[in-house]
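Down below is the structure, laid out as structure tokens.
The values are calculated or read from the model by the stated rules, or taken from the named source; none is laboratory data. Please read these numbers as outputs of a predicted model, since none were measured by experiment. Virtual Cβ from ideal backbone geometry, glycine too; neighbours counted across all protein chains shown. These area figures cover heavy atoms from the full protein model, side chains too; ligands, DNA and RNA do not enter into them. Shrake-Rupley method; radii C 1.70, N 1.55, O 1.52, S 1.80 Å.
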Amino acid sequence: MASVASAAVAIPSFTGLKASGAAAVARVATSVKAPPAPSPRLVAKAALKDVGVAAAVVATAASALLASNAMALEVLLGSSDGGLVFEPSAFSIASGEKIVFKNNAGFPHNVVFDEDEVPPGVDAAKISMSEEDLLNAPGEEYSVTLVEKGNYSFYCSPHQGAGMVGKVTVN
């Protein structure tokens, strides 16, 4: 941090000096030039520059953190009022974006991709939970990252008959 030093010149005061001595002191006082003090505006700019660099570092770290979180879409399994649904049930993501399916209510649940409703060449079994695997407690998660562009349909095998189905479009 920059600091400002005082540039004042102290002139001692002596009693009993003659007028000419006082004039000499006055001449000295007028002939001494102190170096100009740094402009407070420049000091403020330097301080703002330091703060700006620190803020940029913090902003970059925050952006990276947010970007990593932004690259994951959370889908709740079961609505807060106990409905047997995916929330949201239809959505779009970018290729390579992670989907986190999080157990919320009305469990047990799982996530199974319909082998007849995935893009060509995608093995639905590799991106699905097995039909026997279930999320049994609140907050349990299953994550999948979809890379192939196209439309995917998924369902919860215990509740598919109750309409617990969803669709995702990968752009």
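The solvent-accessible area of Met71, taken with every protein chain present and a 1.4 Å probe, is close to 100 Å². Only aspartates and glutamates eight or more places from Lys98 in sequence, or on another chain, were considered; those with a Cα closer than 13 Å are Glu74, Glu141, Glu148.
Residues Thr145, Thr169, ordered by accessible area of protein heavy atoms at a 1.4 angstrom probe radius and largest first, appear as Thr145, Thr169.
Lys167 sits among other residues whose Cβ lies under 12 Å from its own Cβ, and their net charge, with Lys and Arg +1 and Asp and Glu -1, is -2. Counting only heavy atoms of the protein chains and using a 1.4 Å probe, Asp114 has close to 40 Å² of accessible surface.
Annotation: extensible slack from Ala162 through Lys149 equals 1.8 nm (criterion: 0.36 nm per residue apart, minus Cα-Cα distance).
Please list, in order, the residues from the range 150-171 whose amide nitrogen is less than 17 Å from a point placed 7 Å along the Cα→Cβ vector of Leu73. It comes to 150-156, 165-171, nothing else. Amide H contacts of Leu73 (H built 1.01 Å from N, in plane; Pro and chain starts excluded): Lys98, Ile99, Val100 sit under 5 Å, all sequence-distant by 5 or more or on other chains.
At the residue level, Ser79 shows approximately 10 square angstrom of accessible surface with a 1.4 angstrom probe and all protein chains present.
Counting protein heavy atoms only, the range 71-171 has 48 percent of its accessible area on carbon and sulfur, 1.4 angstrom probe.
Under a crude label model (7 Å from the Cα following the beta-carbon direction), how far is Asp116 from Asn136 in nanometres? Distance between label points: 3.2 nm.
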